[in-house]
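Reviewing the structure listed below.
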């Protein structure tokens, strides 16, 4: 009876034990179910960890988030505690992502700055090229202008030279004319050779009295386009024929002298005017001396004579 | 009578003390101390977020954080210390998220401005050099 009673006592206790064990076992089979929301937090974390731009950034925050997600994944009978862990895990994953994005954005600035520098460099290069182009254009224009200016200056110089030359020539001619003591008249330059060249009654030139003729030769050498007309004149002493002849011979004598000194006879013409055209009164010795003369008329040019 | 009453009074005092002890034990078991450190951490996290202009860049998160903190304080007043601790932790996590999102928004705003400037520079450059397509 004792044992039976003992057995009676034990049986219910064992039954209770089995029941508790089965309850615990049942609890074990249901417990591994992860709290609601933990899976979503894990998915978000995995996305963050597999993002090549973000995974390596905010490493500490990602590690914290990972720990929080693991905690949230722990089976928890206390629903309130489980929900709290899931909430914290979700926010920590989001926080880690935001921090990683911040770092990524900050790191991107170097790239953007490099792009800007590149763009700036590009812009400066272009500006420099443009400026260089402008300089080149300006230089080309400058060169052109300079050339034009040089040409103009050259022309001016030529003109000036020509002017100077003609001025010089004119001056030279004047000087030569002055040397010859020729007088400009409407017939041309008239050089009057006095009777000192000739002995009275004779037509040959006095030796040593040819200075004026030599000057004339020099002048005609210098101005080869000029021709001369040589005219002999006498005073009124003696017959007209005699004086005519004498004036012709004297003119010829001068012509011969010039031709003998290299002046082409083509440029020379000689004639006698006798006692016509006196330049002074034949009544006085001085007047007659002035009338005895040979006039050399220097034409303005060959063309003018023709 | 007197002795009896004295003895009766003594047993009543003992009973009162015992009852108080039970109450105190009960209080200790059901109401742990307020989660002061967690609340302070949440407050600091909110203050940091506000200093970082979270009100402008992450207003939703900041508002949520404030709400959680207020709930945590209500829970403390209701002696629900475990709930209060959880709410304080959530408030802190939300405030930290607000700060992080504010940082990200600011960083991206800076980058966008830089890119815009670059774009303008490129445009100006193209205009400047006259080789607009």
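Please treat every number below as a calculation from the coordinates, not as lab data. Fair warning: this is a prediction, and the values are worked out from it, not measured in the lab. Virtual Cβ from ideal backbone geometry, glycine too; neighbours counted across all protein chains shown.
Residue A:34 to residue A:55: FRET efficiency via 1/(1 + (r/R0)^6), r the Cβ-Cβ distance, R0 30 Å, to the nearest 0.05?
On the way: r = 24 Å, r/R0 = 0.79.
Calculated transfer efficiency: 0.80.
Below 8 Å between Cα atoms, with a sequence gap of 6+, how large is the relative contact order for segment A:171-305 in percent?
Values: 247 pairs, mean separation 44.9, N = 135.
It rounds to 33 percent for segment A:171-305.
Nearest 10 degrees, 0 to 90: what angle lies between the long axis of helix A:240-260 and the longest principal axis of chain A (Cα atoms)?
In chain A, helix A:240-260 runs at an angle near 40 degrees to the longest axis.
Which whole-number percent of Cα pairs in segment A:110-169 have a distance greater than 14 Å?
Result for the distance tail: 72 percent.
Before anything else, pin down the relative contact order of chain A: Cα pairs under 8 Å, at least 6 apart, normalised by residue count, whole percent.
14
Evaluate peptide B:76-84: per residue, the Cβ atoms of other protein chains within 10 Å of its Cβ; return the mean as an integer. Don't jump to the answer; show the numbers that get you there.
Details: counts 0, 0, 0, 0, 0, 0, 4, 3, 0.
Mean number of neighbouring Cβ atoms from other chains: 1.
Output the 0 to 90 degree angle, nearest 10, between the alpha-carbon long axis of helix A:2-30 and the longest principal axis computed from the alpha carbons of chain A.
Taking the Cα atoms of chain A, the angle to A:2-30 is about 10 degrees.
Enter the angle in degrees (range 0 to 90, nearest 10) between the Cα long axis of helix A:79-180 and the first principal axis of the Cα atoms of chain A, meaning the one along which they spread out most.
That helix lies at roughly 0 degrees to the long axis.
Hey, what's the Cα Rg ratio for segment B:34-129 versus the globular rule of thumb, 2.2 N^0.38 Å?
1.61
Plugging the Kirkwood radius over Cα pairs into Stokes-Einstein for segment A:31-110, at a temperature of 20 °C and a viscosity of 1.002 mPa s, what D comes out in µm²/s?
For these conditions, the coefficient is 168 µm²/s.
Could you compute how fast segment A:171-305 diffuses translationally, taking Rh as the Kirkwood radius over C-alpha pairs and applying Stokes-Einstein at 37 °C with viscosity 0.692 mPa s? Give it in µm² per second. Write down the numbers at each step before the final one.
Working: Rh = 14.9 Å.
Rounded, D is 221 µm²/s.
So what is the diffusion coefficient of chain A in µm² per second by Stokes-Einstein at 25 °C and 0.890 mPa s, using a Kirkwood Rh over Cα pairs?
Rounded to a whole number, D works out at 76 µm²/s.
Going by Cα centres, segment A:77-100 and segment A:212-239 are how many Å apart?
136
Among A:109-121, A:224-236, what's the highest-first ranking by average C-beta atoms within 10 angstrom per residue?
Most protected by this proxy first, the peptides run A:224-236, A:109-121.
From the helices alone, meaning DSSP H stretches of at least four residues, give me the mean residue ellipticity at 222 nm for chain A, per-run term -39500 (n - 2.57), in deg cm²/dmol to the nearest 500.
-23500 deg cm²/dmol
What does the structure give for A:87-93 when I average, per residue, the other chain Cβ atoms found within 10 Å of the residue Cβ? List each step's numbers first, then the result.
Values: counts 7, 6, 1, 2, 13, 4, 1.
Going residue by residue through A:87-93 and averaging, the value is 5.
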